[in-house]
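Following: one structure in structure tokens, then a few remarks.
No value in this document is a laboratory result; all are computed from the given coordinates. Since the structure is predicted, the reported quantities are computational estimates derived from the model, not experimental observations. Cβ: placed from backbone, ideal geometry, glycine included. Neighbour counts: every protein chain shown.
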Amino acid sequence: MVVGAIAFILLLVVAVLLFQQGQPTLSLLVIAAVVVLSAAVLGLAHIVREVFRLPATLLQAGSDAVRGVFDWLGGILKPKVEIRTAILAGIRRFDDHGKLVVGSLRVDVLAQIVETSAVGTVLGQASAREVGVQYFIPLEKLTIENFRWSFTVDQGTGERGIAVYCHLPSPQVDEEFIAIDEAGIETLSLGSGIQTINPWSGKDALTAKAKSQLKPRALEIAKRPECMLAAERMARVHIENLVHSVAMSLLQLSAGKSPPVAVLVQFSSAVDISAFEKQRISEAVQP
């Protein structure tokens, strides 16, 4: 029985090491061998009890020890589901009307309306600086299938860690949130020819119309490729920090230690733009 117990422990250690090194198939085979060995040991213990009449309390203690080892082993094998579920739940804590807000930009907006007639031209203009636009990821599109994880090993140091991969929908412009400081809006109305002195030229009406176009113009700017790339960059950093925090909290609770955690974020629809242009935009657009 001593030999069986030693073999049991050695096989269990091998199974755990194989699983941590990314060899689940081999690990499961070794676990199967552990199960068979355990059954053999327990069967032998039953025979010993019948032959030598060992106290039932001693055999029960051995059975409880084996059960405890399997419970511990089960705790190692279950995190794949727990981590993904916890990450999704952690992200949903920041629900803002079904949205996960991932960043914002400030843009300058100009709207102009020009009308030309036989008696001259009239211009109505409105401008606003530092208009706030924000980006979000719809939470209803997120499931645990958007996340996966695996063990990693640093080839240089041999240190083991965990990598979490997030494949998410691209950020969207929040059309319900356009922050314009009404007091900071500047307007201009001009006329040429007779319209310069014509009190019925409609310059004020054109200016009011241009002012009403500031929000639609801000949305157009927010959807430009350079702004969408800036939004993806902000979203990537935001989600990496959020997922890292959730994963670390979960691992500390389940394992009592903090292994290195790397988070990699990929969006489903990248903006179609050349690498050179991406670099230029990355340097030029600072949120």
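Taking the number of other C-beta atoms within 10 Å as the exposure measure, put ARG148, ARG93, ARG233 in order starting with the fewest.
Ascending Cβ contact count within 10 Å gives the list ARG93, ARG148, ARG233.
Using θ = phi - 60° and the Karplus form 6.51 cos²θ - 1.76 cosθ + 1.60, what ³J(HN,Hα) does each residue of segment 140-154 get, whole Hz, x for Gly and Pro?
5, 8, 9, 9, 5, 5, 6, 10, 8, 8, 7, 6, 10, 10, 5
Taking the Cβ of each residue in ILE162, ILE83 as the centre, tally the other Cβ atoms inside 10 Å and list the residues starting with the fewest.
Fewest-to-most ranking of ILE162, ILE83: ILE162, ILE83.
Please list 260-267, 238-245 highest first by mean number of surrounding beta-carbon atoms within 10 Å per residue.
Packing proxy ranking, top to bottom: 238-245, 260-267.
Suppose the Debye formula is applied to equal point scatterers at every Cα of segment 98-194; what is log10 I(q)/I(0) at q = 0.12, 0.17, 0.19, 0.20 Å⁻¹?
-0.68, -0.89, -0.96, -0.99
Could you check the spin-label model distance between ASP108 and VAL153? Points 7 Å from the Cα along Cα→Cβ, value in nm.
The answer from the label model is 5.6 nm.
Taking 0.36 nm per intervening residue step and subtracting the Cα-Cα distance, what contour gain separates THR121 from GLU175 on full extension?
Taking 0.36 nm per residue and subtracting the Cα distance, the gain is 16.1 nm.
Gain in length, ASP96 to ILE144, computed as 0.36 nm per residue apart minus the alpha-carbon separation, to one decimal in nm?
In short, 15.3 nm is gained.
To the nearest 0.05, how large is the calculated FRET efficiency for HIS244 and ARG129 if R₀ is 35 Å and r is the Cβ-Cβ distance?
0.50
Provide the FRET efficiency to the nearest 0.05 for the THR85-ALA262 pair, computing r from the beta carbons and using R0 = 22 Å.
0.65
May I ask you to sort MET234, MET228 by Cβ crowding, counting other Cβ atoms within 10 Å and putting the fewest first?
Result, fewest neighbours first: MET234, MET228.
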